[in-house]
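The values are calculated or read from the model by the stated rules, or taken from the named source; none is laboratory data. Just so you know, these numbers come straight off a predicted model, no measurement behind them. Every residue, glycine among them, receives a Cβ derived from its backbone with ideal geometry; neighbour counts consider all protein chains shown. When the accessible area is computed, the model is the full protein with side chains, heavy atoms only, and any ligands, DNA or RNA have been set aside. Shrake-Rupley method; radii C 1.70, N 1.55, O 1.52, S 1.80 Å.
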Amino acid sequence: MTEQQIRDILRPYRDGGSISRLYATGEISEHTIPALVDLMASLDLDDRDTEIDQIHDVIDYVTQVGCRPPVTRWTTAATREQK
């Protein structure tokens, strides 16, 4: 999963917290996965299965990467990937 894919998936779900930090800076904290799981539960209540699958993919990425501080040039790397 690329930075741009993560940003595209998370764009509509920015929460002003952990999800927004991952979206904007690539930061992953101990709060990121719980926030994503809560988002999946909310989407499940609305039967939004495709979006749930996408968030699950982001959780897989976050789990593999682990906690990390903001990533230098996160948004520029994501933009380069689009080209």
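Tabulated data
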quantity	calculated
Unique residue being at pLDDT below 95 and in contact with a helix residue (DSSP H, G or I) (Cβ under 9 Å, 6 or more places away or on another chain) when the list is 82, 54	82
Check on residue 58, over 11 Å from the mean Cα position of the chain (by Cα) and of a type in the set (Val, Ile, Thr)	no
So residue 10, is it in contact with a Leu (Cβ under 7 Å, 6 or more places away or on another chain) and at pLDDT 95 or above	yes
Residue pairs meeting the criteria (Cβ under 8 Å; at least 6 apart or on separate chains; first farther than 12 Å from residue 36 by Cβ, in segment 1-24; second open to solvent by 80 Å² or more (accessible area, probe 1.4 Å) and in a helix (DSSP H, G or I))	4/82
Segments classed as helices (runs of 4 or more DSSP H), wholly inside the chain, with at least 2 members that are exposed (fewer than 14 other Cβ atoms within 10 Å of the Cβ)	32-45, 49-65, 74-82
